[in-house]
Amino acid sequence: MRDRRLMAACGPLLLAAGCGLDVEAQHVEPWAQWAITFGVQPEPFVIALVVDDRPTGEAAKLRQTVAEALQTTLFVLGEQASWDDPAAWRPVDWTVVLALPSVLGSERLIGPDQVPAFLHRPRFITPESAMALADTVLAEMETRLAAPDASYRPIEAAAQLGQVLSGVRPPADEPEAALAEAGARGRFVLIGEVLATTGDDESPGAVAAYPMPSWNPRAEVLFDFTAVIPSVQPSPCLSVITSAEPPSRLRSWIELPALSSLLPIVQGWPCGAEWIVQMGLPPVLRFSIDGRHWCTSHPIAMKGPRAECLVLAESYAVDAPCDPERGWRDPMDEDGVRRPRLDRDEQGDYRTCEVTQFEGAALDACRTTSACEGCPSGWCRAEQLGLDDLGWSYDWCAMGDHPALLRFVGGAVAGAEARFRVTCNLVP
């Protein structure tokens with residue numbers, strides 16, 4: 001018999017799944033169930049670079065520094081993609097786009113359509129693959145140097161990138177259409193644009209003729225802008241927006257209201273080179289969610305080593321079946337038979353899958369070891385004292401609450417373009 005506690009709080013969606021639990025019926029109490037909904041898909045991250053392409057020694061040093069800083073950023077993002085769990089996949093969705101400031105019009109745009117390695121979407125990011133991507137970016141910059149007499153237009157190139165990637169204006173030609181596609185993938189896109197130059201701008205128009213997209217808190221595009229511009233300050237320098245710096249087109253452009261609303265990070269060259277490498281370019285913050293930081297008012301009910309919980313994945317990719325590589329399977333109907341299920345909400349049709357809780361040796365490994373050797377994709381409730389080598393701590397919950405300690409391994413959750421619903425029975 002299914003638990004009335006569970007039926008009381010599952011709602012129509014979970015009730016239709018049968019909730020997949022075999023527990024004894026009890027009286028419903030206000031604390032008898034805990035539920036949480038979350039999403040974890042890796043947001044597409046577009047790295048847009050406008051870097052000095054002139055054939056000078058100083059510009060070559062800047063390009064090398066930008067590549068080293070890009071490595072820093074990719075290493076950090078790769079680590080964050082793991083949920084701090086060595087047994088989880090580390091999927092990323094990265095796109096690199098270059099805009100050469102000494103090339104005119106859309107011919108300056110270099111993206112994955114010309115350099116396939118600029119689209120990087122592995123299931124498991126490694127330091128080696130992140131370094132290889134940064135090396136590819138540097139190699140492409142070094143093979144596309146400007147002619148000595150070319151007009152140098154970093155502001156024009158940066159504005160073109162920002163406007164098309166963020167959707168402020170429609171693409172004007174095929175190269176811009178390819179660029180716009182990179183900024184439109186997914187429900188939410190992070191764009192980190194970097195302008196790095198050793199000299200001032202020579203774009204023909206007034207600086208106000210090259211607007212960047214204004215910050216919009218409701219947009220599905222999160223736009224982050226960093227500028228590395230010439231500075232007369234000694235090393236190391238923290239800011240170059242000071243009265244000590246001489247006037248320049250770059251400074252006037254950065255101080256325009258629309259660009260200022262983006263709260264850009266502005267660093268000097270060469271005085272800020274050390275900071276640039278340490279902090280990374282672009283220095284975009286990323287956040288992750290994991291089950292070790294969830295708390296419940298009462299302990300999660302257990303049946304032996306297995307938690308009395310149901311984890312459902314809801315994906316709008318309705319044509320794709322439940323993925324066994326992720327530990328997903330069709331949910332169970334009330335007659336005990338697993339069948340495909342499609343549901344609908346205000347966003348459209350979605351497929352519901354159940355995320356498998358481990359059994360046997362995989363369950364023991366998930367609960368007690370950080371490596372989870374031999375584990376497929378799935379989940380468990382970890383032993384509180386068994387995963388200290390993961391760096392998990394247990395003092396984040398308020399006094400009287402209890403850590404959920406739900407652990408998602410492999411691709412059960414990591415990088416999935418899905419919404420997850422977790423429902424657990426609690427004990428008195």
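Details
- In the set Arg153, Arg121, Arg108, only one residue is in contact with a helix residue (DSSP H, G or I) (Cβ under 8 Å, 6 or more places away or on another chain) and among the charged types (D, E, K, R); that residue is Arg108.
- Among residues of the range 313-335 that are within 18 Å of Cys380 (Cβ to Cβ) and outside the structural domain of Phe124 (by TED's automatic domain parsing), those with a beta-carbon under 7 Å from a residue that is in a loop (DSSP other than H, G, I, E, B) and aliphatic (A, V, I, L, M) at least six positions away or on a different chain give the pairs Ala313/Ala416; Ala313/Ala418; Arg326/Ala412; Arg326/Ala416; Gly327/Ala412.
- Ala313 being of a type in the set (Gly, Ala, Ser) and surrounded by 23 or more Cβ atoms within 10 Å (Cβ to Cβ): yes
- Some residue of the range 323-333 being more than 24 Å from the chain's Cα centre (by Cα), part of a loop (DSSP other than H, G, I, E, B), surrounded by fewer than 12 Cβ atoms within 10 Å (Cβ to Cβ) and not hydroxyl-bearing (Ser, Thr, Tyr): no
- So Ala130, is it assigned to a helix (DSSP H, G or I), in the same structural domain as Leu74 (by TED's automatic domain parsing) and under 25 Å from Ala87 (Cα atoms): yes
- Just so you know, in the range 106-132 the residues that are under 23 Å from Pro154 (Cβ atoms) and free of Cβ contacts under 8 Å to residues at least 60 places away in the same chain include one that is farthest from the chain's Cα centre (by Cα), and it is Arg108.
- Filter pass, Asp389 being at pLDDT 90 or above and not in a loop (DSSP other than H, G, I, E, B): no
- Leu6 being of a type outside the set (Asp, Glu), at pLDDT below 55 and surrounded by fewer than 22 Cβ atoms within 10 Å (Cβ to Cβ): no
The values are calculated or read from the model by the stated rules, or taken from the named source; none is laboratory data. Quick caveat, the model's predicted, so the values are computed rather than measured. Using ideal geometry, Cβ is built from the backbone for each residue, glycine included, and neighbour counts are taken over all protein chains shown.
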